[in-house]
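Trainee: Sharing a structure with you now.
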């Protein structure tokens, strides 16, 4: 900046945000500037001087110098995209800019582009179509009736917890992302009512994270009685991230039902999932556990009851929000297509187009290899005679060049990271937060003199001659550093990206308090890079004593980048515990960590990657870490004490398998268990899911594995394994058949 601090503060902010690892840096840009003389002249003279000399150069400067992953534009509503020359700028953004392969944009590029052209659609504030769209969309919403802090807001203008969660659930169910706005006061404080809402939302999202963050829309979006669905697949392919809904396959699809109207008679009826003999229904409970529910088949659907369950057994925020969540597995195959006005092949074509664009443009796979994979994948949706049109999609020319017209620009696939984000929080804070009367349009309404109440308010509370710029002097605080670090830790422990919004004052300056907070946050994430940058969620996301977890693997394999979380393997998994509230007694109780004789616990000190050992003792539920003797000077900086957050590094904790499962001694990454049924492959695979979530039949392809399995079945009477020796292969292969074709291992004979 040429005035004020004479420093490039936006570059410093960008560096601090990106230092957090996995955090996306975005910029908001208003095409329109209220009362700018060049824009006013353009409207009178039918010229584009403001666009050519102000808005477009500023946009290009913003993108070139700061390389945002999100270009979120607004202030477009008074002019067409032709006036703003939006097509020319976006073509430059997609073809020539330094973020051409990763950037996402919204649709507010002119008063005639909303919900028609651009990246993801925002359409209008609070947009929620209520049905699955074939184009990614965002619900930009606010916890109050205003986007800025307002002193004259009424209590009934705040969203209730139930309304906020229902907004999130209905948005994600229909394939959208929710951007939820809050408004700090002029001191930058989040008022208690906002804080209460956010904490309760966080408790709910944490307890039901598998039904939200890793989910896709299901073939049915909702059901009677305020029920919304999401879904996951147990076994995914490389193309599943490009789907916009999951098909219903009995052995592979997990369905989640959000019941947003608490049943008055404790009875829940679901008409969309069709039960089978293997179907299970579970209620999300506390501490990551589930309660198995009995059910009956009613009119082809499922009816279950929550009567008799103690309210303390429901997942956090379920009771006080009036929302409960069910996990339903092994329901019948169903070919329903939830995309409006789309045939099954058209749906497949949309999926294929997304995948082809992404893979080919990123040189991830050859087109011939992609064609083989996609045509096989497309078979889920398309009948044989449709495959000619599917094949034409794979063979089309993807030149990576986008022309300055909407037909070309709209063909660009949205980078996948945005679809996976699901949920963001925006803090809307600015000069208007000082008078805090009305909303963020305070300056427009004041200058235009179209609000007599506002004019009377200013005249009553401020001296004559007060200008809008005078309010900036009264902005004196923003979030504390420890709050930012705690929010960062909680977000990444759930597999999310942490997006931090700041605002500049009327003169384009970043206030010193912003600079301080961002510098402290940047220092923290730099020194704790091991726990943040390349981490994954652990098998547990949180613990008592304000602890959240991340993890890494010492020896990852090629599949690890696609994991939603890291498994717990003693010799491979490194656990990081973010203690976000300094314990009063200097003792941290980690109930999720099962120690071994090799377990070590270390505390970061002195700088990035430098750790020192801290003592711990084993308890009946985990370990108790004692930092009583750790001097504050051992922390990277005395400033870190202000964060109220520190990080423990835990190695060689015990490998963990589900109850009644055993560890495969030949492959420590596998847990094994056995059923007692003689079944064909399909039925046996379905039966596996009852033995444990995500369980599938293993394939046995070596003498070592044969020996291992045979040893485990020693002493079992009538123990059969469904294998058949193929004469052309040295491996055993699964088949459907009767017991006569199976190999009897009851006596351990191979």
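Trainee: Quick one: would you say residue 442 is under 21 Å from the mean Cα position of the chain (by Cα) and at pLDDT 70 or above?
Mentor: It is false that residue 442 is under 21 Å from the mean Cα position of the chain (by Cα) and at pLDDT 70 or above.
Trainee: Let me ask something else. Go through the residues of the stretch 80-92 one by one and say whether even a single one is farther than 23 Å from residue 407 by Cβ and surrounded by fewer than 17 Cβ atoms within 10 Å (Cβ to Cβ).
Mentor: No, the stretch 80-92 has no match at all.
Trainee: Out of all the residues in the stretch 88-106, is one or more without any contact (Cβ under 8 Å) to a residue 40 or more places away in the chain and closer than 18 Å to residue 179 by Cβ?
Mentor: yes
Trainee: Could you please find all residues in the stretch 89-118 being out of contact with any helix residue (DSSP H, G or I) (no Cβ under 8 Å at 6 or more places or on another chain) and not in a loop (DSSP other than H, G, I, E, B)?
Mentor: Passing the criteria: only 95.
Trainee: The conditions are (1) modelled with pLDDT of 70 or more; (2) more than 18 Å from residue 527 (Cβ to Cβ); (3) under 28 Å from the mean Cα position of the chain (by Cα), and residue 578 fails exactly one of them. Which is it?
Mentor: The number of the failed condition is (2).
Trainee: I need the full set of residues from the stretch 18-57 which are in a helix (DSSP H, G or I) and under 21 Å from the mean Cα position of the chain (by Cα), in order please.
Mentor: Residue satisfying the conditions is 18 alone.
Trainee: Conditions: (1) in the same structural domain as residue 620 (by TED's automatic domain parsing); (2) buried (at least 19 other Cβ atoms within 10 Å of the Cβ); (3) outside any strand (DSSP E or B). Residue 575 meets all but one. Number of the miss?
Mentor: (3)
Trainee: Kindly indicate whether any position in the stretch 623-634 is part of a loop (DSSP other than H, G, I, E, B) and modelled with pLDDT under 65.
Mentor: Yes, some residue in the stretch 623-634 is part of a loop (DSSP other than H, G, I, E, B) and modelled with pLDDT under 65.
Trainee: Here is a follow-up. Would you confirm whether any residue within the stretch 150-167 is farther than 24 Å from residue 243 by Cα, loosely packed, with under 15 Cβ neighbours inside 10 Å and in contact with a helix residue (DSSP H, G or I) (Cβ under 6 Å, 6 or more places away or on another chain)?
Mentor: No: zero hits.
Trainee: Can you pull out the residues in the stretch 252-283 that are at pLDDT below 95 and in contact with a helix residue (DSSP H, G or I) (Cβ under 7 Å, 6 or more places away or on another chain)?
Mentor: 260
Trainee: Spot the failing condition for residue 125; the list is (1) farther than 20 Å from residue 406 by Cβ; (2) buried (at least 16 other Cβ atoms within 10 Å of the Cβ); (3) touching a strand residue (DSSP E or B) at 6+ places or on another chain (Cβ under 9 Å), and only one is missed.
Mentor: Answer for residue 125: the failing condition is (2).
Trainee: Then there is this: Scan the stretch 599-622 residue by residue and report those that are at pLDDT 90 or above and more than 21 Å from residue 550 (Cβ to Cβ).
Mentor: Of everything in the stretch 599-622, those that are at pLDDT 90 or above and more than 21 Å from residue 550 (Cβ to Cβ) turn out to be 615, 617, 618, 619.
The values are calculated or read from the model by the stated rules, or taken from the named source; none is laboratory data. Remember, predicted model here, so these are calculated numbers, not experimental data. So basically every Cβ, Gly included, is an ideal-geometry build from the backbone, and we count neighbours across all protein chains shown.
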